[in-house]
1. Which whole-number percent gives the relative contact order of the range 376-440, counting Cα pairs below 8 Å spaced six or more residues apart?
2. Compute a Gaussian network model of the chain, connecting alpha carbons closer than 10 Å, and tell me which residue from Arg89, Arg386, Arg213 fluctuates the most.
3. If we count every other residue with Cβ under 15 angstrom of Glu414's Cβ, Lys/Arg +1 and Asp/Glu -1, where does the sum land?
4. Which links in Lys310/Lys380; Lys126/Lys291; Lys49/Lys353; Lys46/Lys141; Lys49/Lys126 stretch past 25 Å when you go from one Cα to the other?
5. In the Gaussian network model of the chain, springs joining C-alpha atoms below 10 Å, which of Asn264, Asn427, Asn358 carries the largest mean-square fluctuation?
6. By per-residue mean of other Cβ atoms within 10 Å, what is the highest-first order of 338-346, 95-103?
7. Quick check on packing: order 323-334, 176-187, 30-41 by the mean number of other C-beta atoms within 10 Å, highest mean leading.
8. In whole Å, what is the distance between the alpha-carbon centres of the range 367-412 and the range 293-366?
Amino acid sequence: MAHHLKRGRDAALRAEDQAQVRTTVEGILADIQNRGDAAVRELSVKFDKWDRADYRLTDGEIRACLAEMSQRDLDDIRFAQEQVRNFARIQRDSIKDVEVETLPGIVLGHRNIPVNAVGCYVPGGKYPLLASAHMSVVTAKVAGVSRIVTCAPPFHGRPAPAVVAAQHLAGADEIYCLGGIQAVGAMAIGTERIASVDMLVGPGNAFVAEAKRQLFGRVGIDLFAGPTETLVIADDSVDGELCATDLLGQAEHGPSSPAILLTNSEALARDTMAEVERLLQILPTGEIARKAWEDYGEVIVADGYEEMVKIADDIASEHVQVMTRDPDYFLDKMTNDGALFLGPRTNVAFGDKVIGTNHTLPTMKAARYTGGLWVGKFLKTCTFQRIDSDAASAMIGEYCSRLCALEGFVGHGEQANIRVRRFGGRNVPYGQPVAPRDAS
C-alpha cells in the first residue's frame, strides 16, 4: 500500500484560499461590468502599477519592442512558433467536415467552423511567459480565427519586449499590455475601448483561472488552467538529481504550484528529497520554488506500477513526467493526465517552450474530463441536414409524428404531419400522430 514521505498543505486550507479568491474575482468582474475602461484602468494601477489611457499597444510601440530583441532571440521565437504551428496543422488536417446520405434522400453532415473572436491571456507577472503566445495565438491562427486579441501584464513597469515580439510574430491582431482579472474581464465583457471576444484561452494564476470560471457561459473558455502542476513518476532507473530538477523546474512557477513525486522506490524518494534541498540552495528562483515545495510538494511511495497508475489517475495532474524502465506502460494505462512526457530524454520544459505540443493544459483535476488546448478547441462542430426527396421527407415525418406524440409535443408533431400531408399525400387529422402504414 502506498504511503507518503511528504504531504502538502491541508486541503481545508486550500479550499479557504479558493473561497477568498472567488469573492475577490466576483467583485472585480462586477466593477468592470459597471464601469468599463475606468475600472480596468484603476485595477491596472492598483495591481500592476501601470497607468495609461489606452492599453492597446501602437504599431510604433510594437516595432520598438522588436527592435530591442536580438536576431538570435527572434529566430528562436520563430523556431518555437513553427514547431507549434506544424503540430497544430497536423491536428487541423485530422479534423474533417462530413456530408453523407444516411438513408435514401436524407443527407446529414457537420462543418468545423472557427470561432470569430478569441482573447488570449499571456501570463507574465513574475516571468515574461512568451511561450503562452505561441500556444494560443499560433494555434488559433491555424484554426482560422479571424480576430485574435492578446493581453499580457507589464513586466518591470513596461511591456515585456519578448512577449510583445512573440504576440506579434504569432499573428495577434490587437495587443494589450494588461494583466490579471482586469485583462480577462475586459476581453470577455467588453469596454468602451476593447470589443468583447467570443472565447478566452490561456493559463494564469488562481485569480485568472477563477475569472475564467465565472465568465464561462458569457464566453467560451479553453479549460480551467490555474497554477502549474507537475507529477514525476519514476523508478530506480533514474536518480534523485534528475527527479528533483524536474520537480523544481515547475515549482518555480509560483508558490501554489503542486510538485509531486510518485515512485516505487523509497531509496529514490529519499534521494530526491535530499536533492531538492540541495538544489534549492543554488537555484536562483529557489525562494518561490521552496514555498511551492513546502506547501504543495508531495512524495508518495507505491508498491508497483499498477498502484502508481491508480494514484496518478486520481491526482490527474497537468504535467506527468514518466521516467521508468517501461514508460509506455503508463502511456497505455493512464487515463487522467494533461500531457505525458515519456522517458528521461524529454521533460516538461520542452513541452512548455518549444517541442510543438501545446502547454495550456488542464489543472485542478480537470484532466478527468478534458485534454489541453489544441486547434480543435477553436472550432465549432456544427451539424446540418437536408432532405432531397418528397418520399424521404414523408417517411421520416411518419416516424417523427409518432415519436412526438409519445412525448406529448403536439406542435412538434404537426411540423412532421404537414410534411406527411404535402409530400406523402396522406390524410393525417390535425393534432393526431400518423398511423403506421399497415394500420392505415
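1. In percent, rounded to a whole number, it is 33.
2. Its mean-square fluctuation being the largest, the pick is Arg386.
3. With Lys, Arg at +1 and Asp, Glu at -1, the net is +3.
4. Lys310/Lys380; Lys49/Lys353; Lys46/Lys141
5. Asn427
6. In decreasing order of mean packing, 338-346, 95-103 become 338-346, 95-103.
7. Sorting 323-334, 176-187, 30-41 by mean packing, highest first, produces 176-187, 30-41, 323-334.
8. That distance is 38 Å.
Any read-out appearing in this document is the output of simple, stated calculations on the displayed coordinates, not a laboratory observation. Remember, it's a predicted structure, so these values are computed and weren't measured experimentally. For neighbour counting, all protein chains shown are included, and Cβ atoms are generated from backbone atoms with ideal geometry for every residue, glycine included.
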